[in-house]
Amino acid sequence: MKKRILSLLLIFGMLLLLSSCSKREAITADDFKSSMEGLEYTLTDATSQFDAGLVESVQLAEKDTCKIEFYVVESTAQAQNAYKTNKENIEKAEKLSSTSSHKSVSLKNYGYYKATTGDLYYVISRIDKTFIYAAIPLKYKDKASDIISDLGY
């Protein structure tokens, strides 16, 4: 009887954990700017560099030689396509590198791909119609990874 109750509690706990991990919430461009300003990054609004209708917002955050890009596009399909294209480009860079590693995660509204190749650390992470992209020197990997994780990406 005790084993059965423990088994049911364990199954319930696992289901609860899995359901809480299945959907992520996207942040806004203002949330990104606020967070990065708080970390003393220099921000640039690059939205005007894109044709009308392609993006709603593009924010570039830079500090030292670390640059993290945040995009809000018109639709989830656009974000998925940008994620796929950037991931393919990172995979090409991996093939050219003698040392590389990567990790990939895909959930309902979320995709994450990170890789190291030689001296660079790449991250592309998507939630709904937003995504973050970074290609930074490997020495900033931990710092960038923490920032991106803190943003929920």
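The values are calculated or read from the model by the stated rules, or taken from the named source; none is laboratory data. Not measured: the values here are computed from a predicted model. Ideal geometry is used to build each Cβ from the backbone, glycine not excepted, and the neighbour counts take in all protein chains shown. Areas reflect the complete protein model, heavy atoms only, side chains present, ligands, DNA and RNA absent. Shrake-Rupley method; radii C 1.70, N 1.55, O 1.52, S 1.80 Å.
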What are the ³J(HN,Hα) values, in whole Hz, obtained from phi via the Karplus relation 6.51 cos²θ - 1.76 cosθ + 1.60 with θ = phi - 60°, for each residue of segment 89-96 in sequence order, with x given for Gly and Pro? 5, 5, 4, 5, 5, 4, 5, 7
In terms of modelled amide H atoms, which long-range or inter-chain residues lie less than 5 Å from the amide H of Ser57? Val72
Residues of segment 9-153: accessible area per residue at 1.4 Å, in Å²? 57
Can you run phi through the Karplus equation (6.51, -1.76, 1.60; θ = phi - 60°) for segment 138-147 and list ³J(HN,Hα) in whole Hz, with x for Gly and Pro? 4, 5, 9, 3, 4, 4, 5, 4, 5, 4
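Hey, any idea what % of the chain's accessible area is carbon plus sulfur with a 1.4 Å probe? Each step should come with its number before you reach the end.
Numbers: 5100 of 9370 Å².
Taking all protein chains in place, the chain shows 54 percent carbon and sulfur surface.
Please work out the FRET efficiency for the pair Asp142 and Ala52, using the Cβ-Cβ distance as r and a Förster radius of 35 Å; give the result to the nearest 0.05. Mind dumping the intermediate values first?
Working: r = 38 Å, r/R0 = 1.09.
After rounding, the FRET efficiency stands at 0.40.
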Reachable aspartates and glutamates, given that their alpha-carbon falls under 16 Å from the alpha-carbon of Lys63 and they are not under 8 places away in the same chain: Glu37, Glu40, Asp45, Asp142, Asp146
Of the listed pairs Lys95/Lys129; Lys33/Lys114; Lys108/Lys139, which have alpha-carbon separations greater than 26 Å here? Lys95/Lys129; Lys108/Lys139
What order do Tyr140, Tyr41 take when sorted by accessible area (1.4 Å probe), most exposed first? Tyr140, Tyr41
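Using just the helices of the chain, give the 222 nm mean residue ellipticity in deg cm²/dmol: DSSP H runs with n ≥ 4 each add -39,500 (n - 2.57), and the total is spread over all residues, rounded to 500. Walk me through the numbers on the way to the answer.
Values: 4 runs with 61 residues, N = 153.
Dividing the helical sum by the residues of the chain leaves -13000 deg cm²/dmol.
In segment 37-141, which trypsin sites (Lys or Arg not before Pro) fall in coil by DSSP and have 14 or fewer other Cβ atoms within 10 Å? Walk me through the intermediate numbers first.
Values: sites: Lys63, Lys67, Lys84, Lys87, Lys92, Lys95, Lys103, Lys108, Lys114, Arg126, Lys129, Lys139, Lys141; in loops: Lys108, Lys129.
Loop-located and lightly packed - Lys108.
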